[in-house]
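To start, the structure itself, in structure tokens.
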Amino acid sequence: VTTELEEVAPTAIEEEEIDATEEEIIEEKEIEIADEPEPTVAEAAEEEAPKPSLESILELGNQQIQEGNFYTALHTYEDGLKTYPESPALRYTYAKGLLKYREDVAGTKKQLKTLLEYDSQNTDAFYLLGEIEEIQENYTAAKSNFEQVIAIDTNYTNANYRLANLLANKFEGME
């Protein structure tokens with residue numbers, strides 16, 4: 001006659017199967033870990049290194065520009081945007097650099113529009129867009145951007161001047 005305890009208690013053979021199963025699981029985990037590639041030195045350093053501050057990125061980029069390393073500065077700003085994508089100062093500085101050093105009008109406009117998605121009241125972004133549009137002879141778009149600047153800041157002297165000049169020379173008698 002067997003007791004309930006004997007029916008529930010595992011036999012020695014069943015215990016070996018349990019132990020074997022646990023050992024197999026441990027071996028599988030070790031194999032999975034061993035299959036993962038070791039991080040490169042750069043990846044390990046990147047994980048451990050603290051992120052540079054926004055101020056240090058801007059300072060480094062400005063220093064590189066002063067030294068005449070324009071493209072290096074642009075890379076510094078671009079890399080900084082990966083860490084601080086919502087920074088109006090960094091994005092504006094990068095946009096101006098794209099325009100001045102690469103003459104990349106499309107890239108500049110894209111950066112300024114992205115900046116305005118984060119900061120819809122950024123007068124400098126609207127003003128620079130207005131200048132670009134005026135140079136490209138997109139006078140209606142230029143007018144709209146200068147008006148946007150003035151709507152935000154009525155004392156933005158350059159925008160007032162550019163808008164008045166644009167209205168006098170390109171929109172005279174059109175209203």
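The values are calculated or read from the model by the stated rules, or taken from the named source; none is laboratory data. Note that the coordinates shown come from a computational prediction; the quantities given were computed from them, not determined experimentally. Cβ sites come from the backbone with ideal geometry, for glycine too, and all protein chains shown count toward neighbours. Accessible surface is based on the protein model in full, side chains and every heavy atom, while ligands, DNA and RNA are left aside. Shrake-Rupley method; radii C 1.70, N 1.55, O 1.52, S 1.80 Å.
For region 91-151, the Cα gyration tensor yields ellipsoid semi-axes of 17, 15, 8 Å (square root of five times each eigenvalue, largest first, whole Å). For region 78-128, GluC sites (Glu not before Pro) meeting the loop criterion (DSSP other than H, G, I, E, B) and having at most 15 other Cβ atoms within 10 Å: Glu86, Glu103.
Given a 1.4 Å probe and the protein chains as shown, Ile57 ends up with an accessible area of around 10 Å². Hydrodynamic analysis of region 123-175 uses the Kirkwood radius over alpha carbon pairs. Inserted into Stokes-Einstein at 20 °C and 1.002 mPa s, it gives a translational diffusion coefficient of 202 µm²/s.
Listed by chain and number, the lysines placed with their C-alpha closer than 29 angstrom to that of Lys82 are Lys51, Lys96, Lys100, Lys109, Lys110, Lys113; residues fewer than eight positions away on the same chain are left out.
Computing the accessible area with a 1.4 Å probe over protein heavy atoms, can you report the carbon and sulfur percentage for region 43-124? The partial results should precede the final answer.
Values: 2410 of 5050 Å².
Taking all protein chains in place, region 43-124 shows 48 percent carbon and sulfur surface.
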